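Below is one structure; the comments refer to it alone.
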Amino acid sequence: MTAVLELRSTTKVYGEGAGEVHALRGIDLAVDAGELVAIMGPSGSGKSSLLTIAGSLEHATSGEVRIDGVDLAGLSRNQKAALRRRSIGFVFQDFNLLPGLTAAENVSMPLELDGTSGRKARTRALEVLDELGLAERAEHFPDDLSGGERQRVAIARALVGEGRRLLLADEPTGALDSVNSEAVMRLLRRVCAQGAAGVVVTHDAQLASWANRVVFLRDGRVVDQTTPAAGPESLLSTVAPQPS
């Protein structure tokens, strides 16, 4: 079975000469359909770079990045944009909501861009907003929503498309309380169970315990992987600072 997402010896270098920063150093990672993978590691370990490269928002310096077997290096800018719109759901830390659209309109927009009728797109958007406890906030604009509400709208937008093959989330529950965090993770798990592959960057062991697999990064390298069957307590000891 071909993995939905594959990184093969992937590196990312920012800057040149003395100012070079090696964000990723030979990353090998495969995420299958139906699998939710959590990425953990200290600040500066390469977590966010891995997400942006996996989602074709940045190009790798070397190595390969494949989605459903297609090497992203062989795609044009327009082809990458179409892939992101149709197949990849993003949840960013800064939400990236359009301030002139209501919550429902922000969520339905990706569907409409792909040709779904306005009525059908709105119906699906309202369903996902309701699952995330936002039914009564659907007609509000982002500036009228709390930080946690905006975060849930961004998550709804990422999950709404039926053709989503890859979900990429950067700290998706950072502004949420425990109840709403659980609702988000339950929804992510359900979307993955329906055939998507999910990658979630987090520093929260409780959140990572929802994943099928946890990958640990340090200094741009994969240093460990585990299955969190024992719950979040086992992860806390795994990610404890290492002696120098």
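Is region 193-203 home to any residue that is assigned to a strand (DSSP E or B), modelled with pLDDT of 80 or more, in contact with a Phe, Trp or Tyr (Cβ under 6 Å, 6 or more places away or on another chain) and surrounded by 16 or more Cβ atoms within 10 Å (Cβ to Cβ)? For region 193-203, residues assigned to a strand (DSSP E or B), modelled with pLDDT of 80 or more, in contact with a Phe, Trp or Tyr (Cβ under 6 Å, 6 or more places away or on another chain) and surrounded by 16 or more Cβ atoms within 10 Å (Cβ to Cβ): absent. Evaluate the following for Ala33: is it closer than 20 Å to Met185 by Cβ and touching a strand residue (DSSP E or B) at 6+ places or on another chain (Cβ under 9 Å)? Considered against the rule, which asks whether it is closer than 20 Å to Met185 by Cβ and touching a strand residue (DSSP E or B) at 6+ places or on another chain (Cβ under 9 Å), Ala33 comes out as yes.
For region 26-44, taking the residues that are surrounded by fewer than 22 Cβ atoms within 10 Å (Cβ to Cβ) and among the small types (Gly, Ala, Ser), the one that is nearest to Asn212 (Cα to Cα) is identified as Gly34. The set of residues in region 28-76 that are charged (D, E, K, R) and free of Cβ contacts under 8 Å to residues at least 24 places away in the same chain contains only Asp71.
If you filter region 151-169 down to residues that are crowded, with 23+ Cβ neighbours inside 10 Å and of a type in the set (Lys, Arg), you find that the one that is nearest to Arg86 (Cα to Cα) is Arg157. Considering every residue within region 170-191, establish whether at least one is within 24 Å of Gly115 (Cβ to Cβ), in contact with a Ser or Thr (Cβ under 7 Å, 6 or more places away or on another chain), surrounded by fewer than 23 Cβ atoms within 10 Å (Cβ to Cβ) and small (Gly, Ala, Ser). No, there is no match, as no residue in region 170-191 is within 24 Å of Gly115 (Cβ to Cβ), in contact with a Ser or Thr (Cβ under 7 Å, 6 or more places away or on another chain), surrounded by fewer than 23 Cβ atoms within 10 Å (Cβ to Cβ) and small (Gly, Ala, Ser).
Note on region 112-145: among residues that are among the hydrophobic types (A, V, I, L, M, F, W, C) and touching a Ser or Thr at 6+ places or on another chain (Cβ under 9 Å), the one that is surrounded by the most Cβ atoms within 10 Å (Cβ to Cβ) is Ala125. Scanning region 91-119 for residues that are under 13 Å from Phe141 (Cα atoms), part of a helix (DSSP H, G or I) and among the hydrophobic types (A, V, I, L, M, F, W, C) turns up Ala103, Ala104, Val107.
The listed residues are Ser56, Ser117, Ser87, and the only one of them that is over 22 Å from Leu176 (Cβ atoms) and over 19 Å from the mean Cα position of the chain (by Cα) turns out to be Ser117.
Among the numbered conditions (1) under 16 Å from the mean Cα position of the chain (by Cα); (2) at positive phi, the only one that Gly133 does not meet is (1). Mind listing whichever residues of region 45-71 are part of a loop (DSSP other than H, G, I, E, B) and either surrounded by fewer than 16 Cβ atoms within 10 Å (Cβ to Cβ) or not aliphatic (A, V, I, L, M) (or both)? Residues satisfying the conditions are Ser45, Gly46, Gly55, Ser56, Leu57, Glu58, His59, Thr61, Asp68, Gly69. The set of residues in region 137-154 that are over 19 Å from Pro110 (Cβ atoms), outside any loop (DSSP other than H, G, I, E, B) and not charged (D, E, K, R) comprises Gly147, Gly148.
Tell me whether region 65-84 contains one or more residues that are among the charged types (D, E, K, R), modelled with pLDDT under 95 and within 22 Å of Ala154 (Cα to Cα). Looking for residues that are among the charged types (D, E, K, R), modelled with pLDDT under 95 and within 22 Å of Ala154 (Cα to Cα), one finds at least one in region 65-84, hence yes. Filter region 155-182 down to the residues that are touching a Phe, Trp or Tyr at 6+ places or on another chain (Cβ under 9 Å) and in a helix (DSSP H, G or I), then identify the one that is farthest from Ala193 (Cα to Cα). Among those residues, the one meeting the criterion is Arg157.
Name the residues in region 222-244 that are surrounded by fewer than 16 Cβ atoms within 10 Å (Cβ to Cβ), closer than 18 Å to Gly46 by Cα and at pLDDT 60 or above, would you? Across region 222-244, the qualifying residues are Val223, Asp224, Gln225. Met185 satisfies every condition listed in (1) among the aliphatic types (A, V, I, L, M); (2) at pLDDT below 85; (3) assigned to a strand (DSSP E or B) except (3).
The values are calculated or read from the model by the stated rules, or taken from the named source; none is laboratory data. Here the structure is a predicted model, which is why all the values come from computation and not from measurement. Because the Cβ atoms are built from the backbone with ideal geometry, glycine has one as well, and the counts that use them run over all protein chains shown.
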